[in-house]
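We did not get these values from a lab; they are worked out from the coordinates using the rules stated. Bear in mind that the values here come from a model prediction, so they are computed numbers and not experimental data. Neighbour counts are summed over all protein chains in view; Cβ atoms, including those assigned to glycine, are modelled from backbone coordinates with ideal geometry.
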Amino acid sequence: MAHFAELDENNIVLQVVVVGNADTADENGVEDAAIGVTFLNNIYSDSGAWLQTSYNGNLRGRYAGIGDSYNPDEDIFHGQAPYPSWTRTGTVWNPPVEEVPGHYWNEENQTWDRPVAPFDDSVWTVTGELGYWAPPVEYPGTTNADGTFSAPYFEWDQVTGEWTERAD
């Protein structure tokens with residue numbers, strides 16, 4: 001199976017389709033992207049340009065996704081900039097200031113800002129690479145593998161600094 005990305009006139013990916021091996025190979029069974037493009041142009045007569053992309057990312061920098069851009073000078077697909085101030089190196093977008101783990105980018109101030117605390121005067125702390133707020137005392141209930149909780153349920157009491165069992 002081969003994957004092909006359709007591009008519009010601005011090199012934006014419109015769709016990605018899968019083409020069977022028989023429709024991308026010559027009479028000797030050798031895969032040729034041009035054969036796949038011809039096959040797609042016959043099916044989608046009014047389509048844009050087609051480029052092969054690789055599901056495992058070993059062709060053109062990464063697997064093309066809808067809304068991605070294709071840079072013909074570098075022959076790579078890349079996502080859209082998350083913020084106007086970020087610059088791209090290959091397929092990766094980089095912030096203008098070194099990333100601070102657990103913080104979010106503030107484009108207006110060009111800074112990494114700490115997430116808002118869940119409580120005023122909170123004793124919770126930002127933890128982990130993704131910036132989760134963690135209570136000072138571990139949750140006493142059962143957390144399931146899928147991230148849900150099992151009864152009995154608890155809620156944080158900011159006044160007492162403890163988990164209290166919920167009545168429901």
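Looking at Asn106, Asn56, just one residue is over 30 Å from Thr127 (Cα atoms), of a type outside the set (A, V, I, L, M) and in contact with a Phe, Trp or Tyr (Cβ under 8 Å, 6 or more places away or on another chain), and that residue is Asn56. Contact map, segment 9-29: residues that are surrounded by 10 or more Cβ atoms within 10 Å (Cβ to Cβ) paired with residues that are among the acidic types (Asp, Glu) and outside any loop (DSSP other than H, G, I, E, B), Cβ distance under 8 Å, separation 6+ or inter-chain. Pairs shown: Val13/Glu6; Leu14/Glu6; Gln15/Glu6; Val16/Glu6; Val17/Glu6; Asn21/Glu31; Thr24/Glu31; Ala25/Glu31.
The residues of segment 44-85 that are small (Gly, Ala, Ser), under 18 Å from Val18 (Cα atoms) and not in a loop (DSSP other than H, G, I, E, B) amount to a single one, Ala49. The listed residues are Asn58, Asn94, and the only one of them that is more than 21 Å from Gly131 (Cβ to Cβ) and among the polar types (S, T, N, Q) turns out to be Asn58.
Taking the conditions (1) surrounded by 13 or more Cβ atoms within 10 Å (Cβ to Cβ); (2) touching a Lys or Arg at 6+ places or on another chain (Cβ under 9 Å) in turn, Pro152 satisfies each one other than (1).
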